[in-house]
Structure formats: structure tokens, C-alpha cells
Amino acid sequence: MNLIVNVDKNWAIGQQGKLLVSIPEDMKFFRQETTGKVVVLGRKTLATFPGGQPLKNRTNIILSRNPDYHVQGALVCHSVEEVLEELKAYDTRDVYIIGGESIYRAFLPYCDLAHVTRLDEAYEADAWFPDLEADPAWELTGESEEKTYFDVAFRFCRYERRGA
């Protein structure tokens, strides 16, 4: 299973339900990686999408503890175990965990590959991703040249679970 995330230099991912920064090249990479695939996300992350609607051209699996929560065009599960059961129907290489914070934390143990856009700046934040640099289970296996969008420097990084 994969995950895809944009983090600042302190592994922050959001502030008040929004991304820290929106970089067109990062959004393009996200679309290229996830189109035609399965995305797993939380209810609060879905609410940040245009119109609060599932992403087009993907199988959207939403995790919500609310048993009455339903979303047209998406599959809603109510526990990590239920999501994992649903995911058995798909090739794990086609599954992407896309947030938010609690979803990343819940599914990180099941992921073998992490696509991380690393921003070379620290932002004010209230949501965080686990620091893969400090986690001995993960290693950096690929990194792009430094890129810039206006005054924001960033790199596309690939982390893989050791022994996966």
C-alpha cells in the first residue's frame, strides 16, 4: 500500500483543515499517481475537496466513525478493519492513503511506499505526519532535485519500508 503526503520541514501537513501550501506541480504529481487508483481518506479531508465531493476517476474509500454518514460516489467504512477488508479486493500497489492526520497514522503500519513532497520551510500547523526520517522502519530511497514555486523550495521524496 502507498501513501502520498505534502509535509513541511517539521512534518506538518495542515492548519485548520487546509493544506499548508498548494503547489501546482505537487497537485499534478498527486493526480498522476492516484488517477485510476483507490484513495483512502477521512471524512474531514473529503470535506476540503471542491464541493466536498469524492475525487473523480478514482475509487474513493472514506473512513468515518459515524454509522449514518453516506457519500454519493464513494464507499464509506466505519473502522480501519472494515477498510482493510474492502482493500482486499484491490492490488495493494493501486491503493493510496491520502489523509488526514488520523488516517495517515492508522494506515502507516500497512504501507510500504510513501510519496512525500518535502517543503523546505516550517509553517504554523495543527496537523502532523509521522517523521519518517526518525523512524528506523523507513528509508529514503529517492529524491528529486530541489524545485521552487515562487519562494517555496521543495523536493519529491520516496520512502520505502525496510524489508518490504
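The values are calculated or read from the model by the stated rules, or taken from the named source; none is laboratory data. Source: prediction; values computed, not measured. All Cβ positions, even for glycine, are placed from backbone atoms using ideal geometry, and neighbour counts span all protein chains on display. Ligands, DNA and RNA are excluded from the accessible area calculation, which covers all protein heavy atoms including side chains. Shrake-Rupley method; radii C 1.70, N 1.55, O 1.52, S 1.80 Å.
Given the Cα-Cα distance of D112 and R158 and 0.36 nm per residue of separation, how much length would full extension add, in nm?
On the way: separation 46, 0.36 × 46 = 16.56 nm, distance 1.06 nm.
Taking 0.36 nm per residue and subtracting the Cα distance, the gain is 15.5 nm.
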(request) Counting only heavy atoms of the protein chains, get the accessible area per residue of the chain (1.4 Å probe) and round it to a whole Å² value. (result) 55
(request) Write down the radius of gyration of the stretch 10-60 and its Dmax, each obtained from C-alpha positions, in Å. (result) 11.6, 32
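Magnitude of the Cβ-charge dipole of the stretch 52-113, K/R +1 and D/E -1, about the Cα centre, nearest 20 debye? Don't jump to the answer; show the numbers that get you there.
Details: 6 positive and 9 negative charges, 44 e Å.
Taking the Cα centre of the stretch 52-113 as origin, the dipole is about 220 debye.
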(request) Can you tell me the 0 to 90 degree angle between the C-alpha axis of helix 24-34 and the longest principal axis of the chain, rounded to 10? (result) 40
(message) Need the list of lysines near K9 for cross-linking: C-alpha distance under 22 angstrom, and skip anything on the same chain fewer than eight residues off.
(response) K18, K28, K147
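What order do R43, R65 take when sorted by accessible area (1.4 Å probe), most exposed first?
Values: R43 100, R65 210 Å².
Largest accessible area first, the residues go R65, R43.
Only four residue types carry charge here, +1 at the Cβ of Lys and Arg and -1 at the Cβ of Asp and Glu. Report the dipole size of the stretch 1-108 about the Cα centre in Debye, rounded to the nearest 20.
Numbers: 13 positive and 12 negative charges, 56 e Å.
It comes to approximately 260 debye.
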(message) If you average the C-alpha positions of the stretch 21-74 and of the stretch 81-157 separately, how far apart do those two centres end up, in angstrom?
(response) 15
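Test of understanding: what is the full-extension gain from R105 to D120, defined as 0.36 nm times their sequence separation minus their Cα-Cα distance?
Numbers: separation 15, 0.36 × 15 = 5.40 nm, distance 2.26 nm.
Using 0.36 nm per residue and subtracting the Cα-Cα distance, I get 3.1 nm.
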(request) Answer with a single label: of (i) 43, 38, 27; (ii) 42, 33, 28; (iii) 43, 41, 28, which was calculated as Cα extents along the principal axes in Å from the structure in view? (result) (i)
